[in-house]
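Here the structure comes first, spelled out in structure tokens, and everything after it is commentary.
Any read-out appearing in this document is the output of simple, stated calculations on the displayed coordinates, not a laboratory observation. None of these values were measured; they are calculated from a predicted model. For neighbour counting, all protein chains shown are included, and Cβ atoms are generated from backbone atoms with ideal geometry for every residue, glycine included.
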Amino acid sequence: MKMKRIGVLTSGGDSPGMNAAIRSVTRYAVYKGIEVMGIYNGFEGLIKSDFARFTHRSVSNIISRGGTILKTARCKEFTTTEGRSKAKDSLEKHGIDGLVVIGGNGSYRGAHIFGNEFKIPCIGVPATIDNDIEETDATIGSDTAVNTALHAIDNIRDTATSLERIFIVEVMGRESGFIAKQVGLGGGAEDIIIPEMNYDLEMMCEDINKGHNRGKISWIIIVAEGAAKSRKIAKEITKKTGFNVRLVVLGHIQRGGSPTAFDRILATRLGAAAVSLLADGQADKAVGIKADKINVVDFKVAIQEKKEADIELYKLLRILT
Ligand code: F6P
């Protein structure tokens, strides 16, 4: 059956580059002769038929904007059969034959269940700052988030060295140490604490004391939000080292802002690839990038738990401090 009309939505936490993906999906579909409906507020909008017809012009001048013009949500109702059944009725009523779901793990899971339940072709485009989706080297927004956090850490380094202090910098990543690891390496942090690895606070403090005896005057320790209570870590380090410790929580600034070139290009390539799959009659798949080539996998592969932490990179970080 030829796809006549598809829907596109963004779901879960927003990430920079989602707009570039919406633009690419819309314009590539139009190029393929497929109509597009923009679906607002993720799966919630799907249930409530919060739709608008999208044309080439609907997505003008959004490639450089952070956030998502479609808005996003985390939707409880979609986790129930009743909710998903309402969503199916909405799609039927509006003649929508397939869906592009732009989001992270939770959104993929929802699309996977929904698509199989009602035989609706769904394709996932990976967008989350956490970069925790399997079978893709990168997710849309993660590069921007890392660069935003890195910029902040460079600023913190200036003040840390001027005043001889230890800074604990908390970055995002409830279940993922990706941002912490990247900014740790890119910012020359002394240590990182991430959910994928155990940490030893005693040893960390011993290292600080030894370093201090050798003349070292400042430290930056990155903590991924989900790995430990950063306030507690700061208190413990003060107690065990006597050093002046400051805590900085970077928070949601990491989720906003204009996407980097990398994220815009990634989003542009993946959005078009998703439409291509739908046009070819494919379903229940996720697109991604591997060694700079488009990679297509079943949803059930993409939603597996992401690769464990890269111990070699952690070792390198520690060697270079
Ligand atoms: O988008 C992913 C993420 O940023 C995680 O790193 C973080 O733990 C979570 O979202 C927080 O999101 P919110 O504050 O919107 O619940």
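Observations on the structure shown:
- Residue of C75, C122, C205 that the Gaussian network model of the chain assigns the largest fluctuation, springs spanning Cα pairs under 10 Å: C205
- The amide H of A309, built 1.01 Å from its N in the peptide plane, has no neighbour under 5 Å, considering only residues 5 or more places off or on other chains.
- For the chain, the relative contact order comes to 24 percent (Cα pairs under 8 Å, sequence separation of at least 6).
- In degrees, nearest ten, helix 261-279 long axis to first principal axis of the chain (Cα): 30 degrees
- When R84, R5, R255, R231 are arranged by Cβ crowding within 10 Å, least crowded first, meaning fewest neighbours, the order is R231, R5, R255, R84.
- Calculated FRET efficiency for the pair R174/H212, C-beta based, R₀ 25 Å, to 0.05: 0.15
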